[in-house]
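A.B. asks: What follows is a single structure, and I will ask about it in a moment.
The values are calculated or read from the model by the stated rules, or taken from the named source; none is laboratory data. What you see is a predicted model, and the numbers here were worked out from it, not measured in a lab. So basically every Cβ, Gly included, is an ideal-geometry build from the backbone, and we count neighbours across all protein chains shown.
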Amino acid sequence: MSGPDISVVICVYTEDRWEDILAAVSSVRAQSRQARETLLVVDHNQALLERLTKEYGNAPEGPGAVRVLANAGPRGLSAGRNTGIAASHGEVIAFLDDDAVAERDWLRRLAEGYADPRVLAVGGRTVPVWASGRRPAWFPAEFDWVVGCTYRGLPPGRVRVRNVLGGNASFRRTAFDEAGGFATGIGRGGDRRPLGGEETELCIRLGQLRPDAVLLIDDRAVIHHRVPAAREHFGYFRARTYAEGLSKALVARSVGVGKGLESERRYTTRVLPAGVVRGLRDAVLARPGGAGRAGAIVAGVLTAAGGYLVGSVRARRDATAFTATRIEGTRDA
């Protein structure tokens, strides 16, 4: 088998997804290209840790082994991923969502992208599996990132990108050696707000450290991501777009506004206006959901912008408070 060996990390946190977790692991075991190992990282849930250890027996290292371990850092997805990175042995570390299943050639397609030594990350295409059996008529494909899936506007094929999408992504180990791991102050943590952006921040940081680095998305590396019924409603859509604005403010603070919003400018000025026009045209033609999709795009932009504004104000306030504290400490000294 040519190409790098790959460790797969699946971060888990709740027994409510027990069947999803088993399906995710089964999909990795069924790959046409065998994973070196699968690591299940449990996020501060002792009952789930014990149940998974009993299920898989914590097999020793070896081809196709499944290992169960506890998140060694603070609660949250970033620390869970960092725990998996530290415990893994593969030349490449791939990440799969705990409520997704990978198609049989997923790892093979990811591995093919590393033929070029400049490539430090390869992502794939994530397809939504709606709980209701079909996409809600009002839900615009341009906003499928809201439910953790590939959205309309990304170019097809194997293409160079600024950042990969975290639920279906892989990185060379050397990328983490150079850039460090995922930032624990960004992304989903212990609270209930659906933040994100940790993989974006890491990819931008990696590109700044290694300007020659190549990051790819190959739409043949496919996973299917379950979208629960609660996420098919506008209330979740609104909460998630607002949280994305907050996340983008954190990313911009970390890596700079220019890089932090580089891809978002094209998306906002080209992809979304085209989506609004498409929705309005469908409404005129009496096609279901056209007006709703156009309205949802506008609402999503405004809500994300509001989150970004609030997040930016908070970031400036925190920076000012930090500076004032340092000055006061210097005076006291």
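A.B. asks: Out of all the residues in region 243-252, is one or more part of a helix (DSSP H, G or I), basic (K, R), crowded, with 19+ Cβ neighbours inside 10 Å and at pLDDT below 90?
C.D. replies: Residues of region 243-252 part of a helix (DSSP H, G or I): 243-252.
Checking which are basic (K, R) leaves us with 248.
In the following step, the residues that additionally are crowded, with 19+ Cβ neighbours inside 10 Å were identified as 248.
Keeping just the survivors that are at pLDDT below 90 gives 248.
Among the residues of region 243-252, at least one is part of a helix (DSSP H, G or I), basic (K, R), crowded, with 19+ Cβ neighbours inside 10 Å and at pLDDT below 90, which makes the answer yes.
A.B. asks: A further question follows. What residue, of L77, L154, is in contact with a Cys (Cβ under 6 Å, 6 or more places away or on another chain), among the hydrophobic types (A, V, I, L, M, F, W, C) and over 21 Å from S2 (Cα atoms)?
C.D. replies: Details: L154 fails: in contact with a Cys (Cβ under 6 Å, 6 or more places away or on another chain).
On inspection, the qualifying residue turns out to be L77.
A.B. asks: So in region 206-230, with the set limited to residues that are of a type in the set (D, E, K, R) and in contact with a Lys or Arg (Cβ under 8 Å, 6 or more places away or on another chain), which one is nearest to E178 (Cα to Cα)? Before the answer, list the steps.
C.D. replies: Within region 206-230, the subset of a type in the set (D, E, K, R) is 210, 212, 218-220, 226.
Filter once more, keeping what is in contact with a Lys or Arg (Cβ under 8 Å, 6 or more places away or on another chain): 212, 218-220.
On the way: D212: 13, D218: 24, D219: 27, R220: 28 Å.
Filtering first and then ranking leaves D212.
A.B. asks: Is it the case that some residue within region 45-54 is of a type outside the set (S, T, N, Q) and not in a helix (DSSP H, G or I)?
C.D. replies: Here is the first cut: in region 45-54, the ones of a type outside the set (S, T, N, Q) are 47-52, 54.
So of that shortlist, the ones also not in a helix (DSSP H, G or I) come out as none.
For region 45-54, residues of a type outside the set (S, T, N, Q) and not in a helix (DSSP H, G or I): absent.
A.B. asks: If the requirement is being hydrophobic (A, V, I, L, M, F, W, C), surrounded by fewer than 18 Cβ atoms within 10 Å (Cβ to Cβ) and at pLDDT 95 or above, which of these qualifies: L39, L22? Please lay out each step first, then the result.
C.D. replies: Working: L39 fails: surrounded by fewer than 18 Cβ atoms within 10 Å (Cβ to Cβ).
Result: L22 is the single residue among L39, L22 that is hydrophobic (A, V, I, L, M, F, W, C), surrounded by fewer than 18 Cβ atoms within 10 Å (Cβ to Cβ) and at pLDDT 95 or above.
A.B. asks: Turning to a different aspect of this structure: Would you check if there is a residue in region 1-17 being among the basic types (K, R), under 17 Å from R226 (Cβ atoms), crowded, with 16+ Cβ neighbours inside 10 Å and modelled with pLDDT of 95 or more? Before you say what the answer is, go through the steps one by one.
C.D. replies: Within region 1-17, the first condition is being among the basic types (K, R), and the residues that meet it are 17.
Of the ones still in play, those that are also under 17 Å from R226 (Cβ atoms) are 17.
Checking which are crowded, with 16+ Cβ neighbours inside 10 Å leaves us with 17.
Checking the rest, the ones that are also modelled with pLDDT of 95 or more come to 17.
Yes: region 1-17 contains one or more residues that are among the basic types (K, R), under 17 Å from R226 (Cβ atoms), crowded, with 16+ Cβ neighbours inside 10 Å and modelled with pLDDT of 95 or more.
A.B. asks: Continuing with this model, one more query. Which numbered condition in (1) in a strand (DSSP E or B); (2) surrounded by fewer than 16 Cβ atoms within 10 Å (Cβ to Cβ) is the only one that P63 fails?
C.D. replies: (1)
A.B. asks: Another question about this same structure. Looking only at residues that are aliphatic (A, V, I, L, M) and either assigned to a helix (DSSP H, G or I) or under 24 Å from A141 (Cα atoms) (or both) in region 103-129, which one is farthest from the chain's Cα centre (by Cα)? Before you say what the answer is, go through the steps one by one.
C.D. replies: Applying the first criterion (aliphatic (A, V, I, L, M)) to region 103-129 yields 107, 110-111, 115, 119-122, 127, 129.
Within this subset, residues satisfying the condition of being either assigned to a helix (DSSP H, G or I) or under 24 Å from A141 (Cα atoms) (or both) are 107, 110-111, 115, 122, 127, 129.
On the way: L107: 17, L110: 16, A111: 19, A115: 24, V122: 13, V127: 13, V129: 17 Å.
Within region 103-129, the match that is farthest from the chain's Cα centre (by Cα) is A115.
A.B. asks: Continuing with this model, one more query. If a residue has to be surrounded by 15 or more Cβ atoms within 10 Å (Cβ to Cβ) and more than 12 Å from F139 (Cβ to Cβ) to count, how many in region 274-289 make the cut? Break it down into steps so the answer makes sense when it comes.
C.D. replies: Just the residues of region 274-289 that are surrounded by 15 or more Cβ atoms within 10 Å (Cβ to Cβ), to begin with: 275-276, 278-280, 282-283, 289.
Subset that is more than 12 Å from F139 (Cβ to Cβ): 276, 278, 280, 282-283.
Total meeting the criteria: 5.
A.B. asks: Residues V222, V146: which one is modelled with pLDDT of 90 or more and surrounded by fewer than 22 Cβ atoms within 10 Å (Cβ to Cβ)? Before the answer, list the steps.
C.D. replies: Details: V146 fails: surrounded by fewer than 22 Cβ atoms within 10 Å (Cβ to Cβ).
It is V222.
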